[in-house]
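A.B. asks: Have a look at this one.
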């Protein structure tokens, strides 16, 4: 039955993800050090919006910031006019560089970016553009998937080749991982679980590291505003965050 197969697959996935402990620990120490020296950690788009689970969350770090952007060009061309002479570089690269340049990200900050397949232009260019301004990059990707998927970026690089720390999502080629009767291919994506679990492994480790600091150095962490006293606690942490940055 699907319920049993899915639960078993999730348990197997969680066990595989434990192999990321060493790299997550290194990244967590880097984040803790950066936060104490006036820097921030940013989340670009992760999966289908999972970066939102790490930002402004009950039980999470206040220092975590988002880096997401959208710019729509209403500039469609007929097929015969799409490759005229004098064209410029890939629009996705141009726009990503512009977004990084216009952002509040600075040298010494850290960004998490994600591409399960590792081959998409925007996350790769985000990593490259951020490293170009002196930031460090944490990449979430599936190594099994990435090594079987040619890069779409003109550099030919996969995301894992553009990062300082690589968190392996351990998802299969194609992402879907469950065989369901009546279908030729596996179904049900596994990457969302991996992204959320490894993300909270990272944030939890950062909070554990910084929990050893004196009280006046501990990071701002948020509680649910829906619990008793939660709104007051949230406001105190937000005030601390605005004053100290973490």
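A.B. asks: So how many residues does the stretch 203-226 have that are modelled with pLDDT under 95 and out of contact with any helix residue (DSSP H, G or I) (no Cβ under 8 Å at 6 or more places or on another chain)?
C.D. replies: Residues flagged as modelled with pLDDT under 95 and out of contact with any helix residue (DSSP H, G or I) (no Cβ under 8 Å at 6 or more places or on another chain) within the stretch 203-226 amount to 2.
A.B. asks: Restrict the check to the stretch 114-128 and report whether at least one residue is crowded, with 24+ Cβ neighbours inside 10 Å, free of Cβ contacts under 8 Å to residues at least 40 places away in the same chain and in contact with a strand residue (DSSP E or B) (Cβ under 6 Å, 6 or more places away or on another chain).
C.D. replies: yes
A.B. asks: Answer yes or no as to whether residue 93 is more than 22 Å from residue 175 (Cβ to Cβ) and either outside any helix (DSSP H, G or I) or free of Cβ contacts under 8 Å to residues at least 12 places away in the same chain (or both).
C.D. replies: Judged against the criteria, residue 93 is not a match.
A.B. asks: Could we say that residue 76 is out of contact with any strand residue (DSSP E or B) (no Cβ under 9 Å at 6 or more places or on another chain) and assigned to a loop (DSSP other than H, G, I, E, B) here?
C.D. replies: It is true that residue 76 is out of contact with any strand residue (DSSP E or B) (no Cβ under 9 Å at 6 or more places or on another chain) and assigned to a loop (DSSP other than H, G, I, E, B).
A.B. asks: Please go through the stretch 154-169 and pick out each residue that is assigned to a loop (DSSP other than H, G, I, E, B), out of contact with any strand residue (DSSP E or B) (no Cβ under 7 Å at 6 or more places or on another chain) and either in contact (Cβ under 8 Å) with a residue 40 or more places away in the chain or closer than 28 Å to residue 53 by Cα (or both).
C.D. replies: Within the stretch 154-169, 154, 158 qualify.
A.B. asks: Within the stretch 170-191, is even one residue in a helix (DSSP H, G or I) and modelled with pLDDT of 95 or more?
C.D. replies: Checking the stretch 170-191: at least one residue is in a helix (DSSP H, G or I) and modelled with pLDDT of 95 or more.
The values are calculated or read from the model by the stated rules, or taken from the named source; none is laboratory data. What you see is a predicted model, and the numbers here were worked out from it, not measured in a lab. Using ideal geometry, Cβ is built from the backbone for each residue, glycine included, and neighbour counts are taken over all protein chains shown.
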